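The values are calculated or read from the model by the stated rules, or taken from the named source; none is laboratory data. The structure presented is a predicted model; accordingly, all values stated were derived computationally and were not measured. Cβ atoms come from the backbone with ideal geometry, glycine included; neighbour counts cover every protein chain shown. When the accessible area is computed, the model is the full protein with side chains, heavy atoms only, and any ligands, DNA or RNA have been set aside. Shrake-Rupley method; radii C 1.70, N 1.55, O 1.52, S 1.80 Å.
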Amino acid sequence: MSKSYGNLGVLFDVSLSIPIGQAVGIVGPNGAGKTTFLSVINGTEPTSAGSVFFNGTDVTKQGAEERSRSGIGRTFQIPRPFSNLSVFENALAGAAFGGGLRGREAQTAALDALEKSEMMQFANLRAGGLSLLARKRLELARALSTQPKLLLLDEIAGGLTEAECISLIATIKNLKDSGITIVWIEHVVQALVAVVDRLVCLASGTIIQDGIPDEVLKSREVLSVYMGTGI
Amino acid sequence: MSSNIQILRSPKKAAYGSAGALLLFVALAIAPKILDQSITNEWVKLFYLVTLASMWNLLAGYAGMISVGQQAFIGLGAYGVFVFNDHGFSAYESGIIASIVVGVVAVPISFLAFRLRGGYFAIGTWVIAETLRLIIIRFPSLGSGKGRNIQNYTRDPILRNTYTYWMALGVAIFALSACFILLRSRFGLALQSIRDNEVAANSLGIKVDFTKRVVYVIGAMGCAAAGSVICIQSIGVASPNAIFGVSYSAFMIFMVLIGGIGTIEGPVMGALLYFFVDKYFSQSGLWYLVILGVIAIIATLFFPKGIWGEINARWNLSLFPVSYQVKIENNQNDSIHLSKKEK
Ligand SMILES: Nc1ncnc2c1ncn2[C@@H]1O[C@H](COP(=O)(O)OP(=O)(O)O)[C@@H](O)[C@H]1O
Ligand SMILES: [Mg+2]
């Protein structure tokens, strides 16, 4: 697909096919179009050209709410909490709508998502009062509460301590083992390579490398993009 | 899931709140039979103020739609009474039919209004209200801009006043219960999510436009019902400029912000406050506006969350709770409960 905002082209003929159950990491410099790529997959932004298929269905014309109901979950790089609702209610919204669950089932799914993302101790707090770190976790909890088949993660490891990062890696590994397909954008490459089967490097709106993580990281193209910035 | 986690929705509080409200409702319903009618006639205004404030709060406080054009529906509700009354329905029936019809009319209007966001939405709703006023006054049968009277109504003033009182009370109770029931349902969760972040709500499976449209229509019907009460109480509309006037929006905003936006109780408090200020000071000319202004300043300085917001924050008091509480029991001694690790 391609995506542009007015005259500004952001994604140019990006084509990616992800088998069910795979975990794909996405790296690339700031402004490469990584977040936009997720937005186009989950329907937050419409594509400018091309199409998006999910589970064999063309979802290009579907809105984000419909894609969420059919199993695409997404976190936002800049958290978007429901500030005046409690953490539990935030997750409950995901379970009740994206997850299509009702009553007790929805509540159980919300609690389950809070537990998996280690947010249970904040359950009754107003989401607007959370620290940035907790807000990022809440993003994960909400996405999980929708019972996703495909989980799109946008920089959720930034700013974590070593111990927190290890526990996050374990959480995402568990999700992968439970059969969820994962696309994970992350600058913390050590966290990525601990989980993903495949690494894609996006630069200036095009895929410049796609393959086994170690090889991608060593490739000339990726090194030149990151030259001077370190990775 | 471990079994030592409970989800509470304050069922007791909700039951007490509802029971208390029911008692109050019964007391208010029999009041015109007991009290002097000069007293209860005044309360009609209180009831339609409560209705208007609750509807504005539903829109702004729970769905994030700041409208300054709800007078469009007040006016349509009032004029709708003439239309159906002329066709042989009683004034009261006409009010109810008009409210439903206004709900239908609000659907296409919402498509127009929803093209705009934020401040543009607010101004847009005002423009829509003005446009509707200009359309209405083109009809000679509706008084061509000079206002008109209801033709067919009960001449017995006691009967008329009692019926009007009951209708106003019924509309207010209906509006309040609709808010409470809606907000406790999953629909309420969707609404509040949309209010806080539309993009996130959308990506969590919530149909943003549809949900907002439903609320917009409910808000329109509530305001139309209030408008028909206003019309019936004065047996007609004196001036289309007043019934379609933006000052209704100003009073709704005043009541909701002072009372406490985003709570069920707040708009009722705001309506009560405004009702008394209006009762005792509306004849004092300029002072009336000064007093309203002073109240608004005091409230913004000392109670930024409104009266009920302050009560709620200080004593955690809520008569009509719509939120959820997660209760995690830490009972190491209690062997019956599974702990999280044993799961
Ligand atoms: N809503 C938008 N409108 C206009 N330009 C945008 C918008 N969102 C992102 N962009 C632009 O698209 C480019 C890619 O942004 P983004 O996808 O956030 O990159 P990344 O996540 O890789 O850092 C940037 O140049 C950014 O300024
Ligand atoms: Mg980004």
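Could you work out which residue, out of A:Ile180, A:Ile169, A:Ile18, moves most in a Gaussian network model of chain A, that is, has the largest mean-square fluctuation with Cα springs under 10 Å? Looking only at A:Ile180, A:Ile169, A:Ile18, the biggest GNM fluctuation is shown by A:Ile18. Apolar share of the accessible surface for chain B: 68 percent from carbon plus sulfur atoms, 1.4 Å probe. Per residue, the convex hull spanned by the Cα atoms of the range B:271-332 measures out at 103 cubic angstrom.
Shown in residue order for the range B:178-187 are the 3J(HN,Hα) couplings computed by the Karplus curve 6.51 cos²θ - 1.76 cosθ + 1.60 at θ = phi - 60°: 4, 4, 4, 5, 4, 6, 7, 7, 5, 4 Hz (x for Gly and Pro). Pair-distance distribution P(r) for the range B:198-343, from all Cα-Cα distances in 5 Å bins starting at 0: 2, 7, 10, 14, 14, 14, 12, 8, 6, 4, 3, 2, 2, 2, 0 percent. Contact order for the range A:102-168, expressed relative to its length and based on alpha carbon pairs under 8 Å spaced 6+ residues apart, stands at 31 percent. Within the range B:30-45, list the residues whose amide N lies under 17 Å from a label point set 7 Å along Cα→Cβ of B:Leu159. Flagged as within label range: B:33. Remark: spin-label model distance A:Lys61-B:Leu24 equals 5.1 nm, labels positioned 7 Å along the Cα→Cβ axis.
Summarising the overall dimensions of the range B:1-75 from its C-alpha atoms, the Rg and Dmax are 18.8, 61 angstrom. Of the trypsin sites (Lys or Arg not before Pro) found in the range B:34-124, those that fall in a DSSP loop while having at most 15 other beta-carbon atoms within 10 Å are B:Arg115, B:Arg117. For the range A:116-167, the dipole from Cβ point charges (+1 on Lys and Arg, -1 on Asp and Glu) about the Cα centre works out to 280 debye, to the nearest 20.
Its alpha carbons considered, chain B gives a radius of gyration followed by a Dmax of 22.0, 80 Å. What the Cα atoms of chain A give is an Rg and a Dmax of 17.2, 54 Å. Dividing the radius of gyration of the alpha carbons in the protein assembly as shown by their Kirkwood radius gives 1.06 for Rg/Rh. The long axis of helix A:162-177 is offset from the longest Cα principal axis of chain A by roughly 90 degrees. When ligands, DNA and RNA are left out and all protein chains stay put, how many square angstrom of accessible area per residue does the range A:1-61 have with a 1.4 Å probe? About 49 Å² of surface per residue is accessible. Axis angle, to the nearest 10 degrees, between helix A:103-116 and the longest C-alpha principal axis of chain A: 50 degrees. The length gained by stretching the chain between B:Ser234 and B:Glu130 to full extension, at 0.36 nm per residue less their Cα-Cα distance, is 35.2 nm. Applying 0.36 nm per residue to the separation of A:Ser219 and A:Tyr5 and subtracting their alpha-carbon distance, the gain on full extension is 74.0 nm.
Straightening the chain between B:Gln151 and B:Ala313 buys 53.3 nm, computed as 0.36 nm per residue apart minus the Cα-Cα spacing. Ordering B:Ile261, A:Ile212, B:Ile311, B:Ile232 by accessible surface, largest first, gives A:Ile212, B:Ile261, B:Ile311, B:Ile232; the 1.4 Å probe counts only protein heavy atoms, with every chain in place.
The residues of the range A:81-147 expose, per residue, 34 Å² of accessible area to a 1.4 Å probe. Dividing the helix sum by the residues of the protein assembly as shown, where each DSSP H run of 4 or more adds -39500 (n - 2.57), gives a mean residue ellipticity at 222 nm of -18000 deg cm²/dmol.
Each label was represented as a point 7 Å from its Cα along the Cα-to-Cβ direction; for A:Arg104 and B:Phe210 these points are 2.7 nm apart. Using protein chains only (no ligands, no nucleic acids) and a 1.4 Å probe, work out which residues of the range B:1-46 have their accessible area cut by at least 20 Å² relative to the chain alone. For the range B:1-46, once contacts with the other chains are taken into account, B:Met1, B:Ile5, B:Ile7 lose 20 Å² or more.
Share of carbon and sulfur in the accessible area of the range A:81-147 stands at 50%, probe radius 1.4 Å.
When the chymotrypsin sites (Phe, Trp or Tyr not before Pro) in the range A:1-100 are filtered for DSSP coil states and for at most 12 other beta-carbon atoms within 10 Å of their beta-carbon, no site remains. Using a probe of 1.4 Å on the protein chains alone, the accessible area found for B:Asp36 is around 90 Å².
Among the residues of the range B:180-201, those with an accessible-area drop of 30 Å² or more from chain alone to full protein complex, heavy atoms and 1.4 Å probe, are B:Arg186, B:Leu189, B:Ser193, B:Asp196, B:Asn197, B:Val199, B:Ala200.
Computed from protein heavy atoms with a 1.4 Å probe, the total accessible area buried between B and A is close to 2900 Å².
In Å², and per residue, what accessible area does the range B:3-341 have when probed at 1.4 Å with the other protein chains present?
On the way: 15950 Å² over 339 residues.
Computed with neighbouring chains in place, this is 47 Å² per residue.
Measuring heavy-atom accessible area with a 1.4 angstrom probe and counting protein chains only, the residues of the range A:90-133 that give up at least 50 Å² relative to the chain alone are A:Phe97, A:Leu111, A:Glu115, A:Met120, A:Asn124. Once the Cα atoms are used to define both axes, helix B:208-233 deviates from the longest principal axis of chain B by about 40 degrees.
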